[in-house]
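Following: one structure in structure tokens, then a few remarks.
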Amino acid sequence: SHVDANGYLSVRCCSICDWPSLSFRGVHLFTGGHGTAIHEMLLDKVIASLKMNKIVLEAEYIKWDSHPETHHPTLGMPKSEVRKLLERCERLGIEVIPLVQSLGHCQWIFANDANLDIAEDPDAKWAYCATNPRTYEFIFDVYAEAVALFKPRIFHIGHDEYADRGRVPFREESKKQTVESLFVMDTLKLHEWFKERNIEMMMWGDMLLAKGEGPDACHANSRESADRMRQQIPTDIVITDWHYADDAPESFTNLQVFHDAGFETIASTWNRPGNIKNFARAAFDAKSRGLLQTTWAGYSLDEESFQRNLPQYMAYVLAADRAWNADRDTSMDLLDAGQRFLDLCEMTSLKPTWRDGWTTDLRPACNYAIRASNEKGWFGLGPNHDLSTVPTGRV
């Protein structure tokens with residue numbers, strides 16, 4: 001600002017043109033059996049600061065009051081901890097969409113060998129039996145609790161990789177059906193339940209695509225079967241369309257397949273840089289609702305799984321950048337994203353740069369030979385790859 005000789009105040013100003021390419025900019029992650037510290041750090045320092053506005057919180061391992069037999073000793077999260085996360089997200093302006101897996105990926109239902117009577121194949125402990133009435137007594141008990149806890153506008157039911165493990169169909173009543181008809185029957189039941197409660201339903205899309213309708217993750221038995229299922233399932237279900245191929249934007253034809261059938265989509269990416277960049281561009285071109293960065297790092301977000309799977313969390317930065325700039329080129333790559341992630345999380349002690357250094361003789365303190373014991377060198381890299389080749393003096 002500046003005050004001139006006549007006492008008038010002048011203030012420099014400018015116009016900033018900046019808006020997101022995609023309206024839905026989200027992260028998929030898990031609840032945790034060891035508290036909320038990592039969740040809160042990611043929310044405050046990464047997710048909210050990078051203007052992501054949605055979280056799909058995979059939450060089947062919450063300790064449900066109606067079914068204590070499913071409580072997992074290490075993965076289970078008390079409702080009180082979930083409420084802390086919900087309050088944090090509300091303050092940050094982030095919408096939480098609960099995900100509780102149904103139909104397939106139902107290991108959580110059979111924890112502690114519980115509820116095996118409603119498993120489609122009790123040896124696999126993977127899919128629930130869609131022809132057993134008790135299945136829906138169970139799942140609607142849990143969904144009612146989840147709705148009371150989350151008070152969601154949208155609810156994700158999972159539904160991916162339904163027949164991936166075990167024998168499907170296996171139960172006598174189920175054998176009268178096909179994988180296709182069981183999938184549709186179950187989806188319609190759940191959709192009706194959520195529709196009665198004015199909650200929008202969301203699900204993964206792989207079971208509704210056949211080979212050739214996308215670059216990967218196309219698990220319907222045939223194009224005819226996929227087309228029949230898309231015609232029978234209500235089009236007000238939002239499809240989180242996951243594909244992890246590192247392919248060109250035009251290869252993601254799956255988005256248009258769903259749009260032609262009347263569905264809205266959210267492009268769901270993983271931690272491959274080309275996948276994030278190109279699928280985000282395809283989502284923008286196809287007018288998808290947005291982008292969801294998925295995380296597959298175990299069923300509990302805790303300190304151990306966080307450290308073990310750090311590259312998956314670093315990819316949040318790249319996903320946020322591409323969701324905001326899907327129609328524009330930016331210079332960010334995975335290395336930039338990783339460095340930015342460490343900076344945001346205050347995990348960086350030194351910035352990478354050229355610095356003066358020195359060497360010192362550690363022989364008086366060493367307990368390991370600096371020269372490899374044979375010509376293979378350390379880690380099999382050859383004779384020139386051990387510490388005996390490090391130069392001495394000022395370098």
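The values are calculated or read from the model by the stated rules, or taken from the named source; none is laboratory data. Since this is a predicted model, take the numbers as computed values, not measurements. No Cβ is skipped: glycine too gets one built from the backbone with ideal geometry, and neighbour counts run over all protein chains shown. Ligands, DNA and RNA are excluded from the accessible area calculation, which covers all protein heavy atoms including side chains. Shrake-Rupley method; radii C 1.70, N 1.55, O 1.52, S 1.80 Å.
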Checklist entry - Taking the mean number of other Cβ atoms within 10 Å as a proxy for protection, how do you rank 234-245, 273-284, 211-222 from highest to lowest? => result 273-284, 234-245, 211-222
Checklist outcome for this item: Normalised per residue, the volume inside the convex hull of the alpha-carbon atoms of segment 238-317 in Å³ amounts to 88
Next on the checklist: With viscosity set to 1.002 mPa s at 20 °C, what whole-number translational diffusion coefficient in µm²/s follows for segment 173-305 from Stokes-Einstein and a Kirkwood radius over Cα pairs?
Outcome noted: 137
Checklist entry - For the Cα atoms of the chain, what angle does the longest principal axis make with the long axis of helix 273-285, in degrees from 0 to 90, nearest 10? => result 60
Checklist entry - Normalized C-alpha radius of gyration of segment 309-395, against 2.2 N^0.38 Å? => result 1.67
Checklist outcome for this item: Between Asp216 and His259, Cβ-based FRET efficiency (R0 25 Å, step 0.05) works out to 0.85
Checklist entry - How much length is gained on full extension from Lys79 to Ser49, taking 0.36 nm per residue of separation minus their Cα-Cα distance? => result 8.2 nm
Next on the checklist: Once R0 is set to 35 Å, what does the formula 1/(1 + (r/R0)^6) return for the Cβ-Cβ distance between Thr353 and Ser1, expressed as a FRET efficiency to the nearest 0.05?
Outcome noted: 0.45
Checklist entry - Tilt of helix 179-196 relative to the longest C-alpha principal axis of the chain, in degrees (0 to 90, nearest 10)? => result 90
Item to check | In order through segment 249-259: 3J(HN,Hα) via Karplus (6.51 cos²θ - 1.76 cosθ + 1.60), integer Hz, x for Gly, Pro | outcome: x, 6, 7, 8, 5, 4, 4, 5, 4, 5, 5
Checklist outcome for this item: Residues whose modelled amide H sits under 5 Å from the amide H of Gly290, counting only those 5 or more places away in sequence or on another chain, are Phe24, Ala267
Next on the checklist: If the reach is capped at under 16 angstrom between alpha carbons, list the aspartates and glutamates near Lys277, excluding any in the same chain fewer than eight residues apart.
Outcome noted: Asp241, Asp246, Asp247, Glu250, Asp285, Asp321, Asp327, Asp329, Asp333, Asp336
Item to check | For segment 88-235: rounded, prolate or oblate by the Cα gyration tensor [a/c cutoff 1.5] | outcome: oblate
Checklist outcome for this item: For segment 94-192 the chymotrypsin sites (Phe, Trp or Tyr not before Pro) that pass both the DSSP coil test and the at-most-16 other-Cβ-within-10 Å test are Phe170
Checklist outcome for this item: Helix-only [θ] at 222 nm, the chain, -39500 (n - 2.57) per DSSP H run of 4+, per residue, nearest 500, equals -9000 deg cm²/dmol
Next on the checklist: Show me, for segment 166-177, the HN-Hα J-couplings you get by feeding each phi into the Karplus relation (A = 6.51, B = -1.76, C = 1.60, θ = phi - 60°), rounded to Hz, glycine and proline as x.
Outcome noted: x, 9, 9, x, 10, 5, 4, 5, 5, 5, 6, 10
Checklist entry - Once both axes come from the Cα atoms, what is the angle between helix 79-92 and the longest principal axis of the chain, in degrees from 0 to 90, rounded to 10? => result 60
Checklist entry - Considering amide H positions built from the backbone, and no H for Pro or chain starts, which residues 5 or more places from Thr240, or on another chain, come under 5 Å of its amide H? => result Met203, Trp204, Gly205, Ile266
Checklist entry - Just by accessible area at a 1.4 angstrom probe, what is the order of Ser181, Ser1, Ser49 from largest to smallest? => result Ser1, Ser49, Ser181
Checklist entry - How much solvent-accessible surface does Ile266 expose, in Å² to the nearest 10, with a 1.4 Å probe and all protein chains in place? => result 0
Checklist entry - Ignoring ligands and nucleic acids, what accessible area does Glu81 show with a 1.4 Å probe (Å², nearest 10)? => result 40
Checklist entry - Out of residues 5 or more away from Thr295 or on other chains, whose amide H comes under 5 Å of its own, with H placed 1.01 Å from N in the peptide plane? => result His28
Next on the checklist: Counting only other residues whose beta carbon sits under 12 Å from that of Gln256, what net charge do I get with K and R as +1, D and E as -1?
Outcome noted: -4
Checklist entry - How many percent of the accessible area of the chain is carbon or sulfur, using a 1.4 Å probe? => result 52
Next on the checklist: Over the Cα atoms of the chain, each weighted equally, I'd like the Debye log10 I(q)/I(0) at q = 0.10 Å⁻¹, rounded to two decimals.
Outcome noted: -0.75
Checklist outcome for this item: In vacuo Debye sum over C-alpha of segment 47-160, base-10 log of normalised intensity I(q)/I(0) at q = 0.10, 0.16, 0.20 Å⁻¹, listed in q order, is -0.31, -0.74, -1.07
Checklist outcome for this item: Taking a probe of 1.4 Å and leaving out DNA, RNA and ligands, the chain shows per residue an accessible area in Å² of 50
Checklist entry - Ordering Thr187, Thr392, Thr359 from largest to smallest accessible area (1.4 angstrom probe), what's the sequence? => result Thr392, Thr359, Thr187
